[in-house]
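Heads up: the structure comes next, in structure tokens.
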Amino acid sequence: MLRALDVRVFGLRYFAHCMECGFCKDACCQYGVDVDADNVQRILAHRVALEPRLGVPAEQWFESEVEQDAEFPSGRRVRTAVRDGRCVFARRGARGCELHAYALEHGLAHRMLKPLVSSLFPLTFDAGVLLPSGEAVDGSLVCSGDGPSLYDGARDELAHYFGPELVAELDALRREVARAP
Ligand code: SF4
């Protein structure tokens, strides 16, 4: 799925330790997120437990349009709904993502429920290219600036989703970029 890289992922930096951040107010969750259609089914399998936590019926968790998109594992994606200016899965009265929190509390791998795009952010992908999100490039990401590179912040997630071989290749590329004059 990934076949090219925007080398700015090695240079752009951000805070990265999201749950230790005291100033972002989860701003990156304000627009909702694209989610793979199979991931939607995995989330809906937990609807009985998640509905009371979210306070929203499962029928209102996702937008109705289903888009064909070969970059997503199932080839289809939908978008999470936005409620009161935040993703429907953003925790109310607490920091973070309800899907992530629920997974941790129940001994589940958070990546089974949390969308791929959310797990990689502020890295993203488009047309087979791994690249920085627009917010990281234009500086509107509130935690932009200091900390690990976008690549290092998402390196474990990349290894999970795309395999250790890809990460080994990216590590080698990073060394090349660092040696370049
Ligand atoms: S799914 Fe979770 S991490 Fe992703 S935008 Fe919604 S609340 Fe944020």
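The values are calculated or read from the model by the stated rules, or taken from the named source; none is laboratory data. Everything quoted here is computed from the prediction, not taken from an experiment. Every residue, glycine among them, receives a Cβ derived from its backbone with ideal geometry; neighbour counts consider all protein chains shown.
Go over the candidates Phe121, Phe125 one by one and state the one that is within 11 Å of the ligand (Cβ to nearest atom), touching a residue at least 60 places away in the same chain (Cβ under 8 Å) and in contact with a helix residue (DSSP H, G or I) (Cβ under 9 Å, 6 or more places away or on another chain).
Numbers: Phe125 fails: within 11 Å of the ligand (Cβ to nearest atom).
Going through Phe121, Phe125 in turn, just one is within 11 Å of the ligand (Cβ to nearest atom), touching a residue at least 60 places away in the same chain (Cβ under 8 Å) and in contact with a helix residue (DSSP H, G or I) (Cβ under 9 Å, 6 or more places away or on another chain): Phe121.
Tell me which residues, restricted to region 136-145, are within 14 Å of Val9 (Cβ to Cβ) and surrounded by 19 or more Cβ atoms within 10 Å (Cβ to Cβ).
Ala136, Leu141, Ser144
So how many residues does region 40-58 have that are of a type outside the set (Lys, Arg), surrounded by 11 or more Cβ atoms within 10 Å (Cβ to Cβ) and part of a helix (DSSP H, G or I)?
Qualifying residue count for the region: 8.
Pick from region 146-181 the residues that are small (Gly, Ala, Ser) and surrounded by fewer than 12 Cβ atoms within 10 Å (Cβ to Cβ): which of them is farthest from the chain's Cα centre (by Cα)?
Keep residues of region 146-181 that are small (Gly, Ala, Ser), which gives 147, 149, 153-154, 159, 163, 168, 172, 178, 180.
Filter again for surrounded by fewer than 12 Cβ atoms within 10 Å (Cβ to Cβ), leaving 163, 168, 172, 178, 180.
Numbers: Gly163: 17, Ala168: 21, Ala172: 24, Ala178: 26, Ala180: 30 Å.
Only one residue tops the list, namely Ala180.
What single numbered condition from (1) away from the ligand (no atom under 13 Å from the Cβ); (2) among the aromatic types (Phe, Trp, Tyr); (3) surrounded by 14 or more Cβ atoms within 10 Å (Cβ to Cβ) fails to hold for Phe89?
Status for Phe89: all satisfied but (1).
How about region 89-112: which of its residues are in a helix (DSSP H, G or I) and closer than 16 Å to Arg79 by Cβ?
Passing the criteria: only Leu99.
Conditions: (1) in contact with a His (Cβ under 9 Å, 6 or more places away or on another chain); (2) surrounded by fewer than 19 Cβ atoms within 10 Å (Cβ to Cβ). Gly75 meets all but one. Number of the miss?
(1)
Being part of a helix (DSSP H, G or I), hydrophobic (A, V, I, L, M, F, W, C) and at pLDDT 95 or above is the filter here, so list the residues in region 1-29 that pass it.
Val9, Phe10, listed by residue number.
Give region 44-83 a look and list any residue that's over 30 Å from Gly139 (Cα atoms) and touching a Lys or Arg at 6+ places or on another chain (Cβ under 9 Å), or say none.
Hits for region 44-83 are Arg53, Leu54, Gly55, Val56, Pro57, Ala58, Gln60, Glu65, Val66, Gln68.
Does region 92-118 hold any residues that are among the acidic types (Asp, Glu) and within 10 Å of the ligand (Cβ to nearest atom), and which are they?
Within region 92-118, just Glu98 meets the criteria.
For Ala16, indicate whether it is farther than 25 Å from Leu170 by Cβ, surrounded by 13 or more Cβ atoms within 10 Å (Cβ to Cβ) and within 16 Å of the ligand (Cβ to nearest atom).
no
Report whether or not Gly32 is outside any helix (DSSP H, G or I) and surrounded by fewer than 16 Cβ atoms within 10 Å (Cβ to Cβ).
No; evaluated as a whole, the condition is false for this residue.
Look through Glu169, Glu65 and report the one residue that is among the acidic types (Asp, Glu) and part of a loop (DSSP other than H, G, I, E, B).
Of the residues listed, the single one that is among the acidic types (Asp, Glu) and part of a loop (DSSP other than H, G, I, E, B) is Glu65.
Restricting the first residue to region 3-15 and requiring it to be touching a residue at least 60 places away in the same chain (Cβ under 8 Å) and over 21 Å from Ser140 (Cβ atoms), which pairs with a second residue that is surrounded by fewer than 19 Cβ atoms within 10 Å (Cβ to Cβ) and not aliphatic (A, V, I, L, M) meet a Cβ separation below 8 Å and a spacing of at least six or different chains?
Arg3/Gly128; Ala4/Gly128
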